[in-house]
1. For the stretch C:54-103, enumerate the residues that are assigned to a loop (DSSP other than H, G, I, E, B) and more than 7 Å from chain B (Cβ to nearest Cβ).
2. So which of A:Gly368, A:Gly361, A:Gly378, A:Gly405 is surrounded by fewer than 20 Cβ atoms within 10 Å (Cβ to Cβ), touching a Ser or Thr at 6+ places or on another chain (Cβ under 7 Å) and either assigned to a helix (DSSP H, G or I) or in contact (Cβ under 8 Å) with a residue 24 or more places away in the chain (or both)?
3. Mind listing just one residue for me: the one in the stretch B:100-116 that is outside any helix (DSSP H, G or I) and among the polar types (S, T, N, Q) and, of those, farthest from the other protein chains (Cβ to nearest Cβ)?
4. Would you point out the residue of the stretch B:140-164, among those that are loosely packed, with under 12 Cβ neighbours inside 10 Å and outside any helix (DSSP H, G or I), that is farthest from the other protein chains (Cβ to nearest Cβ)?
5. Which of (1) closer than 22 Å to A:His281 by Cα; (2) free of Cβ contacts under 8 Å to residues at least 24 places away in the same chain does A:Ala78 not meet, given it meets every other one?
6. Of everything in the stretch B:37-70, what is at the interface with another protein chain (Cβ under 7 Å from one of its Cβ atoms) and over 14 Å from C:Phe66 (Cα atoms)? Give them in sequence order.
7. Run B:Asp48 past the list (1) over 13 Å from the mean Cα position of the chain (by Cα); (2) under 20 Å from B:Ala30 (Cβ atoms) and report the number of the one that doesn't hold.
8. Could you please let me know if A:Ala393 is surrounded by 24 or more Cβ atoms within 10 Å (Cβ to Cβ) and hydrophobic (A, V, I, L, M, F, W, C)?
Amino acid sequence: MTPTTLLRWIILLPAAGVLFHVFLGRRATAAVKVVGPGLVGAAFAVAVAAGLRLRALPEGGLLRDHLYTWIVAGPFRAEAALRLDALSAVMALVVTGVGFLIHVYSVGYMHGDRGFARYFAYLNLFTTAMLILVLADNLPLLFVGWEGVGLCSYLLIGFWYEKTENAAAGKKAFLVNRIGDAGFLLGLFLLAWTLGRHGVWTLDVAAIERHLDVLRTETVGGWPVPLVVGLLLFVGATGKSAQIPLYVWLPDAMAGPTPVSALIHAATMVTAGVYMIARLHAVYALAPAALTVVAVVGAATALFAAVIATAQTDIKRVLAYSTVSQLGYMFLGLGVGATGAAIFHLVTHAFFKALLFLGAGSVIHGLGGEQDMRRMGGLRARLPVTFWTMTAAALAIAGVPPLSGFFSKDEILSSAFAGRHEVLGVVGLLAAALTAYYTGRLVCLTFLGESRVSPEAAHHLHESPPVMTVPLALLAVGAVAGGFLPVPALLGHTGEGGPPLALMALATGLAAAGLWLAYQLYVVRPDLPETIAARLGGFYGLVRDKFRVDELYDALVVRPLFAAADVGARGIDPKLIDGVVNGTGVLVAATSGVWRRLQTGNVQHYALSFLIGALLLLGYYVGR
Amino acid sequence: MSAPIFLLLAALVLAAALTVVVHPSPVYSACALVVTLFLLSVFFIGLDAQLVAVLQVIVYAGAIVVLFLFVIMLLNLTQTEPRPTAGAPLVAVAVGGGIAVVALVATALRRLTVPTAPGLPEGFGDTAALARRLFTAYLLPFELTSVLLLVAIVGAVGLAKRRP
Amino acid sequence: MPPTAPLTWYLGLSAVLFAIGAIGVLVRRNVIVIFMAIELMLNAVNLTFVALARSLGSMDGQVIVFFVMTVAAAEAAVGLAIIIALSRNGETMNADELVTLRW
């Protein structure tokens, strides 16, 4: 463990940005354009420098930056300390790098918006929180970052808060995340308590890894501790990383500005759950059952979300469900023990998903706000840069070799089959096929075929300015070439050779089939989709309505809660609580009304009471 | 004091006291009070409290009751009460209280024994003896009493003054 | 020589006098007579003190009587001044009707 003071700057630079934008942003719009992205870019540079320093260390070395002692509660200690090992270095580089590009893009996208400075303040705050999350040396500090990104997600989703739907979407994101956070906290408490029973009063990652034996043997309520902790922490991950059952906030989160969707809900925040499990893989290794749960949930989510994506008409919704699905892949990878592959997919996904979102933003921007794909089409000619970059991203996510998505997805699938999780592997392949299909569908509907654009939008149509297209191009480079980054090797997870050739061929074939089908249905024979939809009838409606999960939650959870709250607010509070309080007053008044009749005003009555009192007193003394 | 004389005087005192309390006319009550005080003074002499007896006559009978009569005459409070006593329940309670007092004292007397001194010192009860106690052990109360009298005078004058 | 009256007789007499005074305070309605009954109670107490002083052979009892008389004088003065003030304001002398300070 090598001490350093370098790491804190990765966090402090964006944090300084927050202060700048909060206090000076309003008056210095021109400066905001430079400061906002600039500070994140500087953080990226520092991250690179730190990464190089890390590389110079011998195998297994890591950098640690200790700022100060944060919590001292009896024997429990938590330091404000940052650590840089291979995992957090990869994450930090992704967050700052992709984050920087998105900040630059935002300068163009949010141009002229009334809340320009506020936007960059929130974005910088998010970056700070996310970096705290990935660089934290102990779990409480990680949780600070965890909560911080949740807060920023709320602030940014509801950025245009004047519209109630946006504010509601922000609230939904925060509340659903909170449920996950509750699970996460319970997991932390259990972990701390278990370790504490053996005198280890800390939640440092290093300390946890040193005391795995303690965790291995302990039980709580008959259940092994690693299993319970793993499941509880995973609940937090399902919330933050939008898996079943807590994914419902992510599609609604598209109410926020598109760069926000790119950064938070594609590249970084939603990956926090994946990072957390990767960070604690030593604990999860002690509980194979927990890992199985993770893998199954991941695979199921991947397929489920992919199905829903095939029937969505809003361009951002398709991408939202796509994100949920791809996150499922990452959890599948974690669950079958392929941590390196999962993180690899995280990195490639950051490139192509951010690119897809930013490209969609470019389309929306060019059309003056249109988001429904049924009113797009034929935009290839007018938006060339956007078209080519998005096509690159689409091919990457579909898993076409030699683009990045192909490598990362195949690593996960081959690990699944190698670990005898054949069912999960097949599910993954199905989802891959659907992924290719719906992404192809998106590109075809938006850029190819005949134009269905409305006249006003067509009049407005223009390619985006360089400040937006340059980031697109840079991300496209990453999406195309990112497959050659030796990410799994960096993380020390060298698999047994590469994926088997048969699997690679099968995956590629499925991708090609999906893309071809999309092309047929949406360019060659545009009349077909409606016929097929009519044939599928009710099932198609169900898929398009996202299986009515939101409505289900509303009936099962939201309404009963509101009803209970009503009972409290209308029944218990006024009648019982106020009743008791007012009742006490009434009681006192009534009692006093009785007793004050003693004050007759007649002196002789008072004298009588004197006499009686004196007699009683004397009687007591005489009687003793 | 010898027993027969005690009994005679006691009977007279009780009669006078009852007159004070029972008689409808305030003036008659005041006169009965004077008689009671005189008789009590005789008791005091019989109990070797000569100075106190004299003071009783001078101060109590001679000043306080005179003050009472003065006020009665000044305010012309001579009329008798139409119904001198309060309602029957209160009378019953009051009488009950009185009986209770006596009963209590009787019980106390039966239980307790008061130590008796062997003999009385020379000059017991005369001025010198009283003065000796008053100006040594009871000096502070003596001084405070003088303040009390001052306060009473000021208060009485202030209360009874005719407001302009 | 006839036997001396024992101490208990004096104490008993004073108890009865006190009781008579107490009844007078509670039962009479004319405020002046109430006052006189109070004086009667005070005198009963005086008798007790003097009798006990003799019995114990201590002058302290008589000193206390001295003080009682002084205080009784002061109290009578103030009380009668109050009565004068009452009558000057046209109030009645009936204790039952002097009930302004009731609830």
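1. C:Ser58, C:Asn89, C:Gly90, C:Glu91, C:Thr92, C:Leu98, C:Val99, C:Thr100, C:Leu101, C:Arg102, C:Trp103
2. It is A:Gly378.
3. B:Thr113
4. B:Pro164
5. Answer for A:Ala78: the failing condition is (2).
6. Within the stretch B:37-70, B:Leu37, B:Leu40, B:Phe43, B:Leu47, B:Asp48, B:Ala63, B:Ile64, B:Leu67, B:Phe68 meet the criteria.
7. Of everything listed in (1) over 13 Å from the mean Cα position of the chain (by Cα); (2) under 20 Å from B:Ala30 (Cβ atoms), B:Asp48 misses just condition (2).
8. Yes: the conditions hold for A:Ala393.
The values are calculated or read from the model by the stated rules, or taken from the named source; none is laboratory data. Note that the structure is predicted; figures quoted are calculated from it, not measured. As a convention, Cβ positions derive from the backbone with ideal geometry for all residues, glycine included, and neighbour counts pool all protein chains shown.
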